[in-house]
Amino acid sequence: MRVSRWLADRWVMIVALLVLGYLALPILVVAALSFNRPSSRLSYDFNEFTLDNWRQPCATSDMCDAVVRSVQIGFIATVVATVLGTLMAFALVRHRFRGRSGINVLIFLPMATPELVMGTSLLALFVSAGVPQGFWTIVIAHVMFCVSFVVVTVKARLAGMDRRLEEAAMDLYANEWQTFRRITLPLVLPGIVAAALLAFSLSFDDFIITNFNAGTTVTFPMYVWGAAQRGIPPQVNVIGTAMFAVALLLVGLSSLRGRRARRAALLAGPS
């Protein structure tokens, strides 16, 4: 009877923990395999614990070249998509203009379009325009679908922001720039950071659209796909674990900064 009552009171928490465990399981497997010395290139069983993979993450030079290339593409695409997406989000939330509803619909199209369709469409566009496929066609393609995710993320942050804080600052004779710098930006910054992290993750992880528009350029996902046919080196798990740890750290710092910004905004006055 006591067990039944305990389960009835805590079933939501139990289900949540099970779901979190299910989501974390692949990450834990990758992290564990990053410390594995496989018996062969095609073996994925845990054979022997070792730190050699972490000591020599670039033992396979081609893999590290692909990682650097993916980071470069992701960084450029993230910066461009974050700037454009943030400006579009402010325009769509804060202003009323003709065609606003149509733009909102267009924003969701890249998110709803299958990657296979988008990849082939961009390939046809680049070929018909005579644009050589390579590094920059990948960047252009990634910006196109990353912008939508940035707009949606920043819009949600702006829509949930209390406009009375800005009005209170203006009542205290803060001009528009002071209000934006001291109130609006600190409150919306966690949403912008989250959007940038999402854009970088999508860009770094993309395979289908990249494969259609890469030409001879090899990114990290393309390298992993090719290596899967002859054996994935354990350093791939090292890269994946390290990137997850960095992303987790950045999300934690962004969340902490967001809480501090909300408290500071309640006390901030015009400078």
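All conditions but one from (1) among the aliphatic types (A, V, I, L, M); (2) closer than 26 Å to Asp65 by Cα; (3) part of a helix (DSSP H, G or I) apply to Ala194; the one that does not is (2). Considering only residues in segment 185-240 that are over 19 Å from the mean Cα position of the chain (by Cα), hydroxyl-bearing (Ser, Thr, Tyr) and surrounded by fewer than 22 Cβ atoms within 10 Å (Cβ to Cβ), the one that is modelled with the highest pLDDT turns out to be Thr217. Answer yes or no: is there a residue in segment 16-26 that is modelled with pLDDT of 85 or more and closer than 24 Å to Gln229 by Cβ. Yes, that holds for at least one residue. Considering segment 49-160, the qualifying helices (runs of 4 or more DSSP H), each wholly inside and each with 2 or more residues that are surrounded by 14 or more Cβ atoms within 10 Å (Cβ to Cβ) and touching a residue at least 40 places away in the same chain (Cβ under 8 Å), run over 52-55, 61-94, 115-129, 135-159. Just one of the listed residues (Asn237, Asn175) is in contact with a Leu (Cβ under 6 Å, 6 or more places away or on another chain), more than 21 Å from Val80 (Cα to Cα) and in contact (Cβ under 8 Å) with a residue 60 or more places away in the chain, namely Asn237.
The values are calculated or read from the model by the stated rules, or taken from the named source; none is laboratory data. All of these numbers come straight from a predicted model, not from anything done at the bench. Virtual Cβ from ideal backbone geometry, glycine too; neighbours counted across all protein chains shown.
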